[in-house]
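Undergrad: I'd like to ask you about the structure that follows.
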2 protein chains.
Amino acid sequence: MISKALIAEFEALLGKENVLSEEIDRHSYSFDAAVLESCVPALVLFPTKTEQLGVIVKKCYDEGLHITVRGSGSNLSGGTIPDDKDSVVIATGKLNKILEINEEDLYAVVEPGVVTEQFANQVRTKGLFYPPDPGSQSISTIGGNIAENAGGLRGLKYGVTKDYVMGLEFYDFEGQLVKTGSRTVKCVTGYNLAGMMIGSEGTLGLISKAILKLVPPPKASKAMMAIFDDVQKASEAVAGIIAAHVVPCTLEFLDHATINYVEEDKKIGLPKDADALLLIEVDGHPGQVADETEIVERVLKACGATAIHIAQNEEEKNKIWLGRRNALPALARLRPTTVLEDATVPRSKIPAMVKALNEIAKKYNVQMGTFGHAGDGNLHPTILCDRRDHEEFVRVEAAVDEIFNVALELGGTLSGEHGIGTAKAKWLEKETSRGTIMFSRRLRRAIDPKGLFNTQKLVGV
Amino acid sequence: MISKALIAEFEALLGKENVLSEEIDRHSYSFDAAVLESCVPALVLFPTKTEQLGVIVKKCYDEGLHITVRGSGSNLSGGTIPDDKDSVVIATGKLNKILEINEEDLYAVVEPGVVTEQFANQVRTKGLFYPPDPGSQSISTIGGNIAENAGGLRGLKYGVTKDYVMGLEFYDFEGQLVKTGSRTVKCVTGYNLAGMMIGSEGTLGLISKAILKLVPPPKASKAMMAIFDDVQKASEAVAGIIAAHVVPCTLEFLDHATINYVEEDKKIGLPKDADALLLIEVDGHPGQVADETEIVERVLKACGATAIHIAQNEEEKNKIWLGRRNALPALARLRPTTVLEDATVPRSKIPAMVKALNEIAKKYNVQMGTFGHAGDGNLHPTILCDRRDHEEFVRVEAAVDEIFNVALELGGTLSGEHGIGTAKAKWLEKETSRGTIMFSRRLRRAIDPKGLFNTQKLVGV
């Protein structure tokens, strides 16, 4: 129980409007985008200045209150579900200032609550480019992206959030400010604490500031759509493109089920009889784009694409990407519950993974659509179901378990970009080792000695 | 004191030929490339199988012996100088197998003792590219590169070692194997322990295996040399090239002193009256290389280059790089002691940094040549002196202190790529914060509870 006196202290510090203590207000902070039990926190705080993070964390820690930091709650692994009903949620949405965009030195400095897409747009107006583009970018925050090491469509060529964090500032459990990294391209001053914080899911401290790398934008790009009558041929084409030393900025996959759900929902002219689609975009120097378009076309034909559309203008390009953008919304509309997975395999194992996914869907009789970032081996098998139907959900969970097993057997990983949270914690040891779990817990106990930072997430305490 | 019984145990485990206990054999492991006091270890061990690392570390830890892991000892910050005369050096030179080069999925798996250049050459024979190229690459090891987060000439465009580590395996103090990262492009399974290990200078565990990212090689490149009669104009050209959105693969700088020392030593035809040289290489698609060459030439002229040589063939390109490759050897030959610094500033601050370096050399009357990776703000002011001359060395140390002060005032960092080791530990708090030091020590105590892993390095214990 949080005392009225403590609530009053927080109200004095942050302003009454930035402290939510009424139950009706707190409900929205009890869940995130994962299919997991919700938990209503005792208090929600909205700091408006980064310094307040240090004060808040110290106060909560002294009182023994669990702390969950929340950006927009768009993560898919339960990373922002509060630990227990006495938890405090620290929402970063009002720490949303872009402090600097440096055009000479190609970096930006931002507060954690800045929305990813808004930031990317601001950067674009300065003639620069911030590549990470998680699916939730229109609502996700940079702080959340860092805590989850968010990926996205451009991961294949441009990397993920971790590849753009040059430095961080964060507050530890005592409210002390920790600084790591620099505004310089190279920096080896002290431990790579920024590297450690990335993907730590709110378990090690409260990020207050990030220095992000920017790059010059590509000068040209070209989008293509290839239609396949056999999903295996499509997945072989993915491996073939990389083997030809072309690294597209995006190389996306839609299976037969997804194509049909999208087309029924949106009527955008997708080929409903196709077994699979590849959506490909290459970018860079105009000469490179021309050469790579030709090479990709050659590989697609050699792998048996039945048709290839190359966008001739911006409108045609947008049309190609419309199908991909609608994949998840169209699937999510079908049934009450959407279980979106992200087990990931080395690129060359995509054909084997796609085959296995189809077999698993049949074996457990679950409704599955698969789409995703085929170029980096990061597919999103998506199971449509109703969680309230116990018999069905048992089959769904068995199917998910088998997906993880297959990914690991193929030399892959449990999670490409969604995180472990509470959703996959039980699987962690199977991919890594007992030593890894022990080491991670030792690390965590040192940084959070009372076990109050998002306690159940990642490796538990 | 290490007992004879323990030595016999190590001999039984590793073979007599892989245990150096005679003083005459141990001397070579008492120093590295930093200008610091040496310390002869009690024992040097050469494991030949990675599993032996786990056994050795447990045995040493149980006995309370300090452990320093050593690749080739080429680091410049004292990272491989043993802690005390009872220390055990674990030399990784015989763990030198390249386990896999995967051409389909663009990664390699290596043991820690693989020599960087030999690895890069092997990768090249497969038609792929491993970009990190620290100055010591012909002798440095991948394990050492990871422990120091080694940089190099290509850092500007291609990044540093940290940008190529996809996964690691390492042994903790109990000899337990920890696995982190994956063969997949995206992986968020568990803490980013690989990120934490990078640059940790042998203080957190013993790296046994690394999964490294490979990329397709650029299809073309072009090297240029620009001559300036004013060092300020040269440094303004550096900032101008980046501002024109050209990111060369290398953008190197030689000052007047360095030009002359190299020319006297090597007679390769460098312009001895030049105040500064820029050596530039752009790479990528042939069309991009042509465009970028033109843009760079335009910026160089606008900034007042008195002459620009563009290499027309491989021979001319090699000639351009000969000067840069000989910079450090030529300087090092002049006096008994070479103090090679790497304070780094944001790129746009290069003009101010170069000005300050010249003033510092004059103020303290020290012999200094400056060269380095101007494109990423990572210059190497190099002071030539004689450490045995106390009066001179006091001035050298004062000059180095002032270099650090200026770098920090310009928003830079103490170390771009050489590491903190023992050489710069006292400066760390000034760049970061008290909270950073406390946090780092807390982390370290948890991972190395007895304080035996390369104890004095980085943040102390």
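The values are calculated or read from the model by the stated rules, or taken from the named source; none is laboratory data. The shown structure was predicted, so the numbers you read here are calculated from the model rather than taken from an experiment. Counting neighbours? That spans all protein chains shown, and the Cβs are built from the backbone with ideal geometry, glycine included. Quick note on the areas: whole protein, heavy atoms, side chains included, nothing else; ligands and nucleic acids left out. Shrake-Rupley method; radii C 1.70, N 1.55, O 1.52, S 1.80 Å.
Undergrad: Keeping to the range B:12-25, report how many residues are crowded, with 19+ Cβ neighbours inside 10 Å and assigned to a helix (DSSP H, G or I).
TA: Residues in the range B:12-25 being crowded, with 19+ Cβ neighbours inside 10 Å and assigned to a helix (DSSP H, G or I): 1 in total.
Undergrad: What number of residues within the range A:272-291 are open to solvent by less than 30 Å² (accessible area, probe 1.4 Å) and within 14 Å of chain B (Cβ to nearest Cβ)?
TA: Of the residues in that region, 6 qualify.
Undergrad: Continuing with this model, one more query. For residue A:399, which of the numbered conditions (1) out of contact with any Pro (no Cβ under 8 Å at 6 or more places or on another chain); (2) touching a residue at least 40 places away in the same chain (Cβ under 8 Å); (3) more than 12 Å from chain B (Cβ to nearest Cβ); (4) among the aliphatic types (A, V, I, L, M) fails to hold?
TA: (2)
Undergrad: All but one of (1) of a type outside the set (Asp, Glu); (2) open to solvent by 20 Å² or more (accessible area, probe 1.4 Å); (3) within 27 Å of residue A:245 (Cβ to Cβ) hold for residue B:64, so report the exception by its number.
TA: (3)
Undergrad: Filter the range B:431-446 down to residues that are surrounded by fewer than 20 Cβ atoms within 10 Å (Cβ to Cβ) and part of a helix (DSSP H, G or I), then give me how many there are.
TA: The initial filter retains those residues of the range B:431-446 that are surrounded by fewer than 20 Cβ atoms within 10 Å (Cβ to Cβ), namely B:433-434, B:437-438, B:441-442, B:445-446.
The next check asks that each one be part of a helix (DSSP H, G or I); those that pass are B:434, B:437-438, B:441-442, B:445-446.
Result for the range B:431-446: 7.
Undergrad: Still on this structure: Run residue A:363 past the list (1) closer than 22 Å to residue B:104 by Cβ; (2) surrounded by fewer than 20 Cβ atoms within 10 Å (Cβ to Cβ) and report the number of the one that doesn't hold.
TA: Against the list (1) closer than 22 Å to residue B:104 by Cβ; (2) surrounded by fewer than 20 Cβ atoms within 10 Å (Cβ to Cβ), residue A:363 comes up short only on (1).
Undergrad: Please state which one of B:124, B:154 is touching a residue at least 60 places away in the same chain (Cβ under 8 Å), in contact with a Ser or Thr (Cβ under 7 Å, 6 or more places away or on another chain) and surrounded by fewer than 24 Cβ atoms within 10 Å (Cβ to Cβ).
TA: Exactly one residue qualifies, and that residue is B:154.
Undergrad: Residues to consider are B:242, B:268; find the one that is touching a residue at least 60 places away in the same chain (Cβ under 8 Å) and closer than 20 Å to residue B:380 by Cβ.
TA: So the residue among B:242, B:268 that is touching a residue at least 60 places away in the same chain (Cβ under 8 Å) and closer than 20 Å to residue B:380 by Cβ is B:242.
Undergrad: Still on this model: Scan the range B:235-259 for residues that are over 21 Å from residue A:214 (Cβ atoms) and under 25 Å from the mean Cα position of the chain (by Cα) and jot them down.
TA: B:235, B:252, B:253, B:254, B:255, B:256, B:257, B:258, B:259
Undergrad: Working carefully through the options A:269, A:304, find the one that is farther than 16 Å from residue A:254 by Cα, open to solvent by 20 Å² or more (accessible area, probe 1.4 Å) and outside any helix (DSSP H, G or I). Reasoning before the result, please.
TA: Working: A:269 fails: farther than 16 Å from residue A:254 by Cα.
Checking each option against the conditions leaves just A:304.
Undergrad: Ok, one more. For the range B:88-112, give me each residue that is under 11 Å from residue B:142 (Cα atoms), open to solvent by 10 Å² or more (accessible area, probe 1.4 Å) and in a strand (DSSP E or B).
TA: Scanning the range B:88-112 gives a single hit, B:98.
Undergrad: Can you find a residue in the range B:1-11 that is surrounded by fewer than 17 Cβ atoms within 10 Å (Cβ to Cβ), part of a loop (DSSP other than H, G, I, E, B) and of a type outside the set (Phe, Trp, Tyr)?
TA: Yes, the range B:1-11 has at least one match.
Undergrad: Considering the range B:317-337 alone, what residues qualify as being open to solvent by 40 Å² or more (accessible area, probe 1.4 Å) and not in a helix (DSSP H, G or I)?
TA: Once the filter is applied, which keeps residues that are open to solvent by 40 Å² or more (accessible area, probe 1.4 Å) and not in a helix (DSSP H, G or I), the range B:317-337 yields B:333, B:334, B:335, B:336.
Undergrad: Looking at the range A:435-450, I want the residues that are more than 7 Å from chain B (Cβ to nearest Cβ) and have a partner that is in a helix (DSSP H, G or I) with Cβ atoms under 8 Å, at least 6 apart or on another chain. Which pairs are those?
TA: A:437/A:428; A:437/A:429; A:450/A:61
Undergrad: Which ones in the range B:186-207 are buried (at least 24 other Cβ atoms within 10 Å of the Cβ), part of a loop (DSSP other than H, G, I, E, B) and at the interface with chain A (Cβ under 7 Å from one of its Cβ atoms)?
TA: First pass over the range B:186-207, keeping only residues buried (at least 24 other Cβ atoms within 10 Å of the Cβ): B:186-191, B:193-207.
Right, trim to part of a loop (DSSP other than H, G, I, E, B) and you get B:186-191, B:198-205.
Passing the criteria: B:186, B:187, B:188, B:189, B:190, B:191, B:198, B:199, B:200.
Undergrad: Further, regarding this structure: Here is a list of conditions, (1) more than 8 Å from chain A (Cβ to nearest Cβ); (2) over 22 Å from residue B:258 (Cα atoms); (3) modelled with pLDDT under 95; (4) open to solvent by 20 Å² or more (accessible area, probe 1.4 Å), and residue B:389 meets all of them except one; can you say which number that is?
TA: It is condition (3) that residue B:389 fails.
Undergrad: Name the residue, out of A:244, A:239, A:220, that is open to solvent by 10 Å² or more (accessible area, probe 1.4 Å), out of contact with any strand residue (DSSP E or B) (no Cβ under 6 Å at 6 or more places or on another chain) and at the interface with chain B (Cβ under 8 Å from one of its Cβ atoms).
TA: On the way: A:244 fails: at the interface with chain B (Cβ under 8 Å from one of its Cβ atoms); A:220 fails: at the interface with chain B (Cβ under 8 Å from one of its Cβ atoms).
Exactly one of A:244, A:239, A:220 is open to solvent by 10 Å² or more (accessible area, probe 1.4 Å), out of contact with any strand residue (DSSP E or B) (no Cβ under 6 Å at 6 or more places or on another chain) and at the interface with chain B (Cβ under 8 Å from one of its Cβ atoms), namely A:239.
Undergrad: When residue A:174 is evaluated against the numbered criteria (1) at pLDDT 95 or above; (2) open to solvent by 10 Å² or more (accessible area, probe 1.4 Å); (3) under 23 Å from residue B:423 (Cα atoms), which criterion, by number, is the only one it fails?
TA: (3)
Undergrad: Can I ask one more? When the residues of the range B:375-386 are filtered to those that are within 22 Å of the chain's Cα centre (by Cα) and not in a strand (DSSP E or B), which remaining residue is farthest from the other protein chains (Cβ to nearest Cβ)?
TA: It comes out as B:375.
Undergrad: Scanning for something at the interface with chain B (Cβ under 10 Å from one of its Cβ atoms) and either in contact with an Asp or Glu (Cβ under 8 Å, 6 or more places away or on another chain) or within 25 Å of residue B:183 (Cα to Cα) (or both), does the range A:108-119 turn up at least one residue?
TA: No, the range A:108-119 contains no residue that is at the interface with chain B (Cβ under 10 Å from one of its Cβ atoms) and either in contact with an Asp or Glu (Cβ under 8 Å, 6 or more places away or on another chain) or within 25 Å of residue B:183 (Cα to Cα) (or both).
Undergrad: Which one is surrounded by the most Cβ atoms within 10 Å (Cβ to Cβ) among residues in the range A:408-430 that are in contact with a Leu (Cβ under 8 Å, 6 or more places away or on another chain) and more than 9 Å from chain B (Cβ to nearest Cβ)?
TA: The selected residue is A:421.
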